[in-house]
Amino acid sequence: MASRDGGKRTHLGRDYIALEGDEAIFPIHSVIEQIGVAYTKSALSSIHLRGVGEHRGLIAKVLYVGCEHQAGYEGRVGERLGTVQSLQEKYPGITNHVHLEVMATVDPEGLMEGAHVEFGGSLK
């Protein structure tokens, strides 16, 4: 993880150099959960994927790709997801890229062993 904004935040995931208009593919076998914007007042996209099949339990976030499908679409690894967008309007001079974050979900029960939950939901 690299820092951004002078160390105020960390950069999760990886950036993959890509040209505007390049094909972007599904990084995991997944269902498109949400398609939104990466930043307020920006045309840059954010795509949230939920792993299925062999990738069940993974969640991926893909930034800077114009999605060619609707939420609910199931895609396989290597299948076309969309088209790489240009970052130049938001970050003039930056190397164009696709940003990818992949996270694993866990069953919280194991994390809660020994915790006591009182009425109202507070943890002790």
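The values are calculated or read from the model by the stated rules, or taken from the named source; none is laboratory data. Keep in mind that this is a model prediction, so the values were computed, not measured. Please note: Cβ atoms are built from the backbone with ideal geometry, for glycine as well, and neighbour counts cover all protein chains shown.
Give the range 93-107 a look and list any residue that's surrounded by 10 or more Cβ atoms within 10 Å (Cβ to Cβ), farther than 22 Å from VAL52 by Cα and not β-branched (Val, Ile, Thr), or say none. Residues satisfying the conditions are ASN96, HIS97.
Listed here are the residues, each with its yes/no results for (1) over 16 Å from GLY13 (Cβ atoms); (2) of a type outside the set (Asp, Glu); (3) touching a residue at least 60 places away in the same chain (Cβ under 8 Å).
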site	(1), (2), (3)
VAL65	no, yes, no
GLN70	yes, yes, no
GLU74	yes, no, no
GLY78	yes, yes, no
LEU81	no, yes, no
SER86	yes, yes, yes
TYR91	yes, yes, no
THR95	no, yes, yes
VAL98	no, yes, yes
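When the range 55-103 is filtered for residues that are under 15 Å from ILE28 (Cα atoms), part of a loop (DSSP other than H, G, I, E, B) and of a type in the set (Asp, Glu), only GLU79 remains. Within the range 37-57, residues that are farther than 22 Å from VAL84 by Cβ reach partners that are loosely packed, with under 12 Cβ neighbours inside 10 Å with beta carbons closer than 6 Å, at six or more positions or on different chains, in the pairs GLY57/ALA104; GLY57/THR105.
Applying the set (1) touching a Ser or Thr at 6+ places or on another chain (Cβ under 7 Å); (2) of a type outside the set (Asp, Glu); (3) modelled with pLDDT under 95 to THR105 leaves exactly one unmet item: (1).
For the range 43-91, a residue qualifies if it is crowded, with 17+ Cβ neighbours inside 10 Å, under 13 Å from ALA104 (Cα atoms) and not basic (Lys, Arg), and the qualifying residues are LEU49, GLY51, HIS55, LEU58, ILE59, ALA60.
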